[in-house]
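Enquirer: Quick one: structure below, then a few questions.
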Amino acid sequence: MKQQAFEQAREQHWHEFETQLAALESRRKAGTGFPESYRLVCQDLALAQDRGFAASLVDRLNALALRGHQQLYAARAARARPIEFLARTFPAAVRREARLVGIASLLFYGTAILIFLLYGNDPATVYRVLSPEQVAEFEAMYDPEAPHYGAPRDTVDDLSAFAFYVRNNIGISLRTFAWGIFAGIGSLAVLILNGLYMGVVAAHITREGFAGTFFPFVIGHGSFELTAIVLAGAAGMKLGWPLVAPGRQARIAAIRRAALETVPILYGLIAMLLVAALIEGFWSSNQTVAAEAKLAVGDVLWLLVGTWLGLGGRRRAD
Amino acid sequence: MLDTVHTVETPEGVQLALRTAGPVPRALAFGVDAMVRSFFYSVALVGVALTVPHLADALLLLLLFLGEWFYPVFFEVWNQGQTPGKKTVGLRVIRQDGTRVNGSASLLRNLLLAADWIPGTYALGLVSMSVSPGFQRLGDLAAGTLVIHVEPKPASAPEAGDVAPLAPPVALTLEEQRAVTGFAERARFFSDARADELAALAVPLHGPSGSARQRILGIGAWLLGRPSGGPA
């Protein structure tokens, strides 16, 4: 059969198929018979390719078949259930990566504690890591003699602080994750650097005697924020590690599979950082709350995060 | 044959051809997206300044955050894989197996923009695109996605013109048939001199006498199966 005759015979069917496609692409129903129509179009495409028909016809059928393929095999996204996700799926995902989370925690907290213990008494250390302006900024933030202490802060300023922390902290964590693709080295480096930073600042603040303002401030949101940073680092290492040790798969395929497994952790850590930003913006710097209360609440939050991630989604062993 | 084609074998056993897009159209689309984003921000800035100026800082920071990280994700998931920039340039994001891009794939490929940015102006992403056979940057590799050209819809079926069909003097392979019919369908877009130049290349198909172009067009019409005496 020549191309002309073929086109004339099949044009009607292709036109109907196109109508069905248009309906499906506008999220309307397309009536029955779509899979059968699609299979016939695929047959026509194979035939046109095989007979060497003109490229214009083959391209047209190819485009139709591609659109049909996308409609037929579109993955129906499972309805998002945020409560169940946060209560069960996310903690379970975190526990599945317990080894990497452990390594990330060690890198982060370990570095901080090490620096604190080794260089806690050396006043010069902080200036090796931060510039004098940054150090002055920190001191001003936590100095109990500073003018902003004792004065209540406006809700609007709280909101601005919240927005700032959202953008800053979530951005940093997502970058920590992304840089893990280089065999996990990027995430590792960020974790160590942040641990160093935290250790040095904590040591300096304690030595200056501002511990009474510093710890009540950070302990509230610290539970969510620090845990999220550790999770971002762990997710990044999970993403990049298959580059070095792909197991039985091709490297790229192994990375792809690992990447899919990090997605629940990503959603969860974004949620945690939102909570941390809320706490940091509206609660942590609230001057009307006593330091003891903040410490107590902070302890409770740490316990909460630990219990949630440790026990959430566990099935009872009956 | 251009080799920037990624073939997907479907469960129906047919090969779908996807024309992957290289760094240049993607950079263009990125530029357009950047402009669209700036426009959104400006509109938002004006809107916020007029209605709730005391919340300007907060709202704009939040908007910037959402725009930086989630603007492409939103469009790729809810607009058939096309951000406004990609739509303008005629590109689409799909998964490697030919199916539509979903939330996870879109999230991964866009979060990894931070890795593609290294050391600046997406240098690593461009290198990755140049090296990978499917023009995939790091985000695409991790998420298993491709950026393809969307075929423009042909305005009308191409005409082979009203030339008398002529049987070819030699048997033609499929590739050669394709070349001849392609020429026949596109001849009206060429200048006469160009068409003659191209037709002159197919020496075995045209004899020493008569216009080479007319003969090739005739053979094209015959291959397409046009009935003798006039266009379809």
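The values are calculated or read from the model by the stated rules, or taken from the named source; none is laboratory data. Just so you know, these numbers come straight off a predicted model, no measurement behind them. Note: ideal-geometry Cβ built from the backbone for every residue, glycine included; neighbour counts use all protein chains shown. Surface areas here come from the heavy atoms of the whole protein model, side chains and all, with no ligands, DNA or RNA. Shrake-Rupley method; radii C 1.70, N 1.55, O 1.52, S 1.80 Å.
Enquirer: Taking A:ALA77 as the residue in question, decide whether it is within 27 Å of B:SER104 (Cβ to Cβ), small (Gly, Ala, Ser), within 14 Å of chain B (Cβ to nearest Cβ) and touching a helix residue (DSSP H, G or I) at 6+ places or on another chain (Cβ under 6 Å). Explain how you work it out, then say what you get.
Expert: Working: within 27 Å of B:SER104 (Cβ to Cβ): yes; small (Gly, Ala, Ser): yes; within 14 Å of chain B (Cβ to nearest Cβ): yes; touching a helix residue (DSSP H, G or I) at 6+ places or on another chain (Cβ under 6 Å): no.
In short, no.
Enquirer: Pairs needed: first member in the stretch A:236-262, aromatic (Phe, Trp, Tyr); second member anywhere, at pLDDT below 95 and part of a loop (DSSP other than H, G, I, E, B); C-beta distance under 7 Å; at least 6 residues apart or different chains.
Expert: Close Cβ pairs (under 7 Å, with a partner that is at pLDDT below 95 and part of a loop (DSSP other than H, G, I, E, B)) amount to A:TRP241/A:ALA183; A:TRP241/A:GLY184.
Enquirer: Next question. Does the stretch A:57-87 hold any residues that are small (Gly, Ala, Ser) and open to solvent by less than 40 Å² (accessible area, probe 1.4 Å), and which are they?
Expert: Kept after step one, since they are small (Gly, Ala, Ser), are these residues of the stretch A:57-87: A:63, A:65, A:68, A:74-75, A:77-78, A:80, A:87.
Listed by number, the residues that qualify are A:ALA63, A:ALA65, A:GLY68, A:ALA74.
Enquirer: Given the options A:ILE185, A:ILE205, name the one that is within 14 Å of chain B (Cβ to nearest Cβ) and in contact with a helix residue (DSSP H, G or I) (Cβ under 9 Å, 6 or more places away or on another chain).
Expert: On the way: A:ILE205 fails: within 14 Å of chain B (Cβ to nearest Cβ).
Only one candidate passes the filter, namely A:ILE185.
Enquirer: Within the stretch A:279-289, restricting attention to residues that are among the hydrophobic types (A, V, I, L, M, F, W, C) and modelled with pLDDT of 80 or more, which residue is surrounded by the most Cβ atoms within 10 Å (Cβ to Cβ)?
Expert: Start the filter on the stretch A:279-289 by keeping residues that are among the hydrophobic types (A, V, I, L, M, F, W, C), which leaves A:279, A:282-283, A:289.
From the residues that got through so far, the ones that are modelled with pLDDT of 80 or more too are A:279, A:282-283.
On the way: A:ILE279: 21, A:PHE282: 16, A:TRP283: 17.
That would be A:ILE279.
Enquirer: The conditions are (1) modelled with pLDDT under 90; (2) out of contact with any helix residue (DSSP H, G or I) (no Cβ under 7 Å at 6 or more places or on another chain); (3) not in a loop (DSSP other than H, G, I, E, B), and A:GLU36 fails exactly one of them. Which is it?
Expert: Result: A:GLU36 passes all but (1).
Enquirer: Select from the stretch B:4-22 the residues that are away from chain A (no Cβ under 14 Å) and open to solvent by less than 30 Å² (accessible area, probe 1.4 Å) and write down the one among them that is nearest to B:VAL150 (Cα to Cα). So that I can check it myself, show each step before the final result.
Expert: Narrowing the stretch B:4-22 to residues away from chain A (no Cβ under 14 Å): B:4, B:21-22.
If we keep only those that are open to solvent by less than 30 Å² (accessible area, probe 1.4 Å) too, we end up with B:21-22.
Working: B:ALA21: 10, B:GLY22: 13 Å.
Across the stretch B:4-22, the extreme among qualifying residues is B:ALA21.
Enquirer: For the stretch A:43-70, which positions are more than 7 Å from chain B (Cβ to nearest Cβ) and either part of a loop (DSSP other than H, G, I, E, B) or under 20 Å from B:THR99 (Cβ atoms) (or both)?
Expert: Of everything in the stretch A:43-70, those that are more than 7 Å from chain B (Cβ to nearest Cβ) and either part of a loop (DSSP other than H, G, I, E, B) or under 20 Å from B:THR99 (Cβ atoms) (or both) turn out to be A:PHE53, A:LEU61, A:LEU64, A:ARG67, A:GLY68.
Enquirer: Return yes or no: is B:ASP162 at the interface with another protein chain (Cβ under 10 Å from one of its Cβ atoms) and open to solvent by 50 Å² or more (accessible area, probe 1.4 Å)? Talk me through it step by step, then tell me what you get.
Expert: On the way: at the interface with another protein chain (Cβ under 10 Å from one of its Cβ atoms): no; open to solvent by 50 Å² or more (accessible area, probe 1.4 Å): yes.
No: the conditions fail for B:ASP162.
Enquirer: Follow-up question, since we're still on this one. Looking at the stretch A:225-254, which of its residues are open to solvent by less than 10 Å² (accessible area, probe 1.4 Å) and at the interface with chain B (Cβ under 9 Å from one of its Cβ atoms)?
Expert: Result: A:LEU239, single match.
Enquirer: Something else: Can you name the number of the only condition in (1) aliphatic (A, V, I, L, M); (2) more than 8 Å from chain A (Cβ to nearest Cβ); (3) open to solvent by 50 Å² or more (accessible area, probe 1.4 Å) that B:VAL101 fails?
Expert: (3)
Enquirer: Scan the stretch A:20-42 residue by residue and report those that are closer than 16 Å to A:LEU61 by Cβ, more than 8 Å from every other protein chain (Cβ to nearest Cβ) and open to solvent by 60 Å² or more (accessible area, probe 1.4 Å).
Expert: Of everything in the stretch A:20-42, just one residue is closer than 16 Å to A:LEU61 by Cβ, more than 8 Å from every other protein chain (Cβ to nearest Cβ) and open to solvent by 60 Å² or more (accessible area, probe 1.4 Å), namely A:LEU40.
Enquirer: Is at least one residue of the stretch B:152-159 within 24 Å of the chain's Cα centre (by Cα), under 26 Å from B:VAL14 (Cβ atoms) and buried (at least 18 other Cβ atoms within 10 Å of the Cβ)?
Expert: Yes; the residues of the stretch B:152-159 include at least one that is within 24 Å of the chain's Cα centre (by Cα), under 26 Å from B:VAL14 (Cβ atoms) and buried (at least 18 other Cβ atoms within 10 Å of the Cβ).
Enquirer: If you scan the stretch B:23-78, which residues turn out to be buried (at least 18 other Cβ atoms within 10 Å of the Cβ) and of a type in the set (Asp, Glu)?
Expert: B:ASP33, B:GLU76 - these are the residues of the stretch B:23-78 that are buried (at least 18 other Cβ atoms within 10 Å of the Cβ) and of a type in the set (Asp, Glu).
Enquirer: Another question about this same structure. Please enumerate the residues belonging to the stretch A:268-296 that are part of a helix (DSSP H, G or I) and over 26 Å from the mean Cα position of the chain (by Cα).
Expert: At the first step, the residues of the stretch A:268-296 found to be part of a helix (DSSP H, G or I) are A:268-284, A:291-296.
Listed by number, the residues that qualify are A:ALA291, A:GLU292, A:ALA293, A:LYS294, A:LEU295, A:ALA296.
Enquirer: Spot the failing condition for A:VAL156; the list is (1) over 30 Å from A:GLU261 (Cβ atoms); (2) away from chain B (no Cβ under 14 Å); (3) of a type outside the set (D, E, K, R), and only one is missed.
Expert: Tallying (1) over 30 Å from A:GLU261 (Cβ atoms); (2) away from chain B (no Cβ under 14 Å); (3) of a type outside the set (D, E, K, R), A:VAL156 fails exactly one: (2).
Enquirer: Can you tell me which residue in the stretch B:169-188 is most open to solvent (accessible area, probe 1.4 Å), limited to those that are at pLDDT below 85 and more than 9 Å from chain A (Cβ to nearest Cβ)?
Expert: So, considering only residues that are at pLDDT below 85 and more than 9 Å from chain A (Cβ to nearest Cβ), the one most open to solvent (accessible area, probe 1.4 Å) is B:ARG188.
Enquirer: Which one of the conditions (1) in contact (Cβ under 8 Å) with a residue 24 or more places away in the chain; (2) more than 13 Å from chain A (Cβ to nearest Cβ) does B:ALA115 fail to meet, given that it meets all the rest?
Expert: Unmet condition: (2).
Enquirer: Now, a different point. Which one of A:LEU47, A:LEU57, A:LEU61, A:LEU72 is without any contact (Cβ under 8 Å) to a residue 40 or more places away in the chain and within 21 Å of B:HIS6 (Cα to Cα)?
Expert: Values: A:LEU47 fails: without any contact (Cβ under 8 Å) to a residue 40 or more places away in the chain; A:LEU57 fails: without any contact (Cβ under 8 Å) to a residue 40 or more places away in the chain; A:LEU61 fails: without any contact (Cβ under 8 Å) to a residue 40 or more places away in the chain.
Only one candidate passes the filter, namely A:LEU72.
Enquirer: With B:VAL147, B:VAL89 as the choices, which residue is under 17 Å from B:ALA17 (Cα atoms), more than 7 Å from chain A (Cβ to nearest Cβ) and surrounded by 20 or more Cβ atoms within 10 Å (Cβ to Cβ)?
Expert: Values: B:VAL89 fails: under 17 Å from B:ALA17 (Cα atoms).
From the options B:VAL147, B:VAL89, the qualifying one is B:VAL147.
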